[in-house]
Amino acid sequence: MTIQDFDIQVASAQHVDYAQQICDEMAESAKARGTGIAQRSAEYVANKMLEGKAVIALHRNGTWAGFCYIETWSHGDFVANSGLIVNPEFRKVGLAKAIKEKIFELSRQKYPNAKIFGLTTGLAVMKINSDLGYEPVTYSELTQDEAFWNGCKSCVNYDILMSKGRKNCMCTAMLFDPAEKQKESEEKMKKITHKATLLERIENALKRSTKLIVAHNKF
């Protein structure tokens, strides 16, 4: 079995029948890991599909293989790619990475100026996020939208979060800031341009020196 056996696509109305199965697996997976997860209802997941704010992976035999959805906070200033789940039957083939890349791409298309963030306890997800350009940040740099933090109430670690004044918890916070990435890109281009200009000046200086030497040798 390889990643080519799966179709990873933006979810739509034709996929709503998978919503309950996905929610059930989210809950079971959280129990198995012994970590928390903000619980979502099948209706909530189905609505994300209908809104075009979710990505689903299907095996060639029609079985759902993975899922992730988009949530927006602070009037669209922040975006979270939430609920990443892979069907246990299809793990270890790279689906999590492929789904994250697809939902990240969808988020950038729909909300090009939004900061994309995530809270996770999974090392594999942290690695995927890092590859996409996320940076570890403090909780204070995330959305302060109360609706987002209220979603943590169903997490087994909620008491820990609140006891620390929402400054940190068991999850690692990671953030992709498009404005910062643009600045980094511009700075990189400036350095490249500066180096190119410097090399051009050196090359021209060498050419002038060569011409002077040739002219001097003629006499």
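Things to note:
- Top-ranked residue in region 118-156 [being outside any helix (DSSP H, G or I), in contact (Cβ under 8 Å) with a residue 40 or more places away in the chain and of a type in the set (Ser, Thr, Tyr); ranked as nearest to PRO178 (Cα to Cα)]: TYR134
- Residue in region 154-164 that is in the same structural domain as VAL55 (by TED's automatic domain parsing), closer than 17 Å to VAL79 by Cα and either buried (at least 16 other Cβ atoms within 10 Å of the Cβ) or at pLDDT 85 or above (or both) present: no
- Only listed residue being in contact with a helix residue (DSSP H, G or I) (Cβ under 6 Å, 6 or more places away or on another chain) and aromatic (Phe, Trp, Tyr), chosen from TYR158, TYR134, TYR139, TYR111: TYR158
- Among residues of region 166-185 being surrounded by 10 or more Cβ atoms within 10 Å (Cβ to Cβ) and in a helix (DSSP H, G or I), the one that is modelled with the highest pLDDT is PRO178.
- Residue in region 56-63 that is small (Gly, Ala, Ser) and closer than 23 Å to TRP149 by Cα present: no
- Residue within region 129-151 that is at positive phi, touching a strand residue (DSSP E or B) at 6+ places or on another chain (Cβ under 6 Å) and in the same structural domain as ALA54 (by TED's automatic domain parsing) present: yes
- One residue stands out in region 1-23 among those that are among the β-branched types (Val, Ile, Thr) and more than 22 Å from the chain's Cα centre (by Cα): the one that is farthest from ILE99 (Cα to Cα), namely VAL16.
- Among the residues of region 157-174, at least one is of a type in the set (Val, Ile, Thr) and touching a Pro at 6+ places or on another chain (Cβ under 8 Å).
- Residue check, LYS100 of a type in the set (D, E, K, R), crowded, with 22+ Cβ neighbours inside 10 Å and touching a Leu at 6+ places or on another chain (Cβ under 9 Å): yes
- Qualifying positions in region 87-117 - touching a residue at least 24 places away in the same chain (Cβ under 8 Å) and not in a helix (DSSP H, G or I): ASN87, VAL93, GLY94, TYR111, PRO112, ASN113, ALA114, LYS115, ILE116, PHE117
The values are calculated or read from the model by the stated rules, or taken from the named source; none is laboratory data. As the structure is a prediction and not an experimental result, all values here were calculated from the model. Ideal geometry is used to build each Cβ from the backbone, glycine not excepted, and the neighbour counts take in all protein chains shown.
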